[in-house]
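This report concerns only the one structure given below.
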Amino acid sequence: MEVITGVRKMQQKAEELRLSRKILSFVPTMGFFHEGHLELMRVAKRHSDVVTISIFVNPMQFGPAEDLSTYPRDLEGDLSNAGQEGVDFAFVPSVKELYPEGFETKVSVEKLTKHLCGLQRPTHFDGVTTVVAKLFNIIKPHLAVFGQKDFQQLAVISRMAEDLNMDIRIVGVPTVREADGVAMSSRNAYLSPEGRKSALCLKKSIDLAREMVHQGERKSDRIIKAIENLILGHPYTQIDYVTLCDPVTLEDLETVAAETLLALAVKVGKTRLIDNGLLVRDEKK
Ligand code: AMP
């Protein structure tokens, strides 16, 4: 695996590969890899000839009170893991390389970013779309792979790619979980042993909502109430949001539709965790 830090060098490499008619895939990450990241790389490999990943903790997507300075990092371990997965190129730019003096452009998706995480993190998605648009221009992929764990991010990126005619296929990968159901996340590293137990409440909430819908419940407020009780029964939890929404527009739904997304953000201690699951209505009920 070749590690590239310069924008120009990466662009030249991508151009060469495109001219040699290779199918290029891309997996953007902030590093500190777990099985979720590695699964994205495997999917990318199955769909392409050349896999490029990026490792970049993007300051633009962190709010002023967020965990930019403490975000977990392990570049050496990450490069070794990516190499073992058969990744071809790792693009690892510095902050200065991506945001040089004079940088002032922003890519912004207007409506999808106003829901869910956008309520508490109003500038987050502009940071994500801006850096991903830049990375797409640098790595020139035919397809890019994202996790469904960050469902809203996947929706926002898909919107951006379509709206800006980017000619890049956006591929979503189902959430990879620990054996007990907790969604893998770099931020799980922050959890204390007690917090780790409480983190189970997110997946339990998805299971509970699915069971209620299976039993015939259609009222969103009743499902939300039951989930809030479940979450608050776990120590150190604080609810950011519990929302039933349309999986395409992310608009709130008062009643469960044929396909409804349950999206959750819960603080466990100081660690903000997100998870989501699709609720599929059993038409006989
Ligand atoms: P991050 O490094 O947190 O920015 O994540 C990089 C990519 O990995 C994003 O597309 C995430 O959605 C994806 N990802 C993170 N956690 C998981 C997971 N547990 N399962 C699948 N994909 C994930």
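Quick look at the values:
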item	result
Neighbour-count ranking [beta-carbon atoms within 10 angstrom, fewest first] of Asp252, Asp88, Asp282	Asp282, Asp252, Asp88
Cβ-derived FRET efficiency at R0 51 Å, Leu19 paired with Arg177, nearest 0.05	0.80
Relative contact order computed over segment 1-125 (Cα-Cα under 8 Å; 6+ residues apart), in percent	33
With Cα atoms, 0 to 90° folded angle of helix 75-84 axis to the chain main axis	90
Relative exposure of Thr70, Thr129, judged by other C-beta atoms within 10 Å (fewest first)	Thr70, Thr129
Inter-centroid distance (Cα atoms) of segment 142-169 relative to segment 46-63, Å	13
Antiparallel bridges, percent of DSSP beta bridges restricted to the chain (to nearest 5)	50
Dimensionless Rg over Rh [the chain; C-alpha; Kirkwood]	0.98
Contour excess over end-to-end distance, with Cα ends at Gln12 and Arg218 and 0.36 nm allotted per residue	68.8 nm
Using alpha-carbon coordinates, inclination of helix 151-163 to the longest axis of the chain, degrees	50
Segment 87-118 versus segment 182-199: alpha-carbon centroid distance in Å	26
Order of Leu202, Leu279, Leu79, Leu119 under a 10 Å beta carbon neighbour criterion, fewest first	Leu119, Leu79, Leu279, Leu202
Descending semi-axes in whole angstrom, ellipsoid equivalent of segment 110-253, from the Cα gyration tensor	30, 19, 14
Segment 1-143: antiparallel DSSP beta bridges as a percent of all, rounded to 5	0
Cα convex hull of segment 1-149 - mean projected area over all directions, nm²	9.2
Mean ellipticity per residue at 222 nm, deg cm²/dmol - from DSSP H runs of n ≥ 4 across the chain, formula -39500 (n - 2.57)	-11000 deg cm²/dmol
Between helix 220-232 and the chain: long-axis angle, C-alpha atoms, 0 to 90°, nearest 10	80
Average Cα contact separation per residue, segment 98-199, under 8 Å, 6 or more apart, as relative contact order %	22
Separation of alpha-carbon centers, segment 1-44 and segment 240-285, rounded to whole Å	32
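FYI, it's all coordinate maths here, none of it is from the lab. Predicted, not measured: the structure shown is a model, and the values here were computed from it. So basically every Cβ, Gly included, is an ideal-geometry build from the backbone, and we count neighbours across all protein chains shown.
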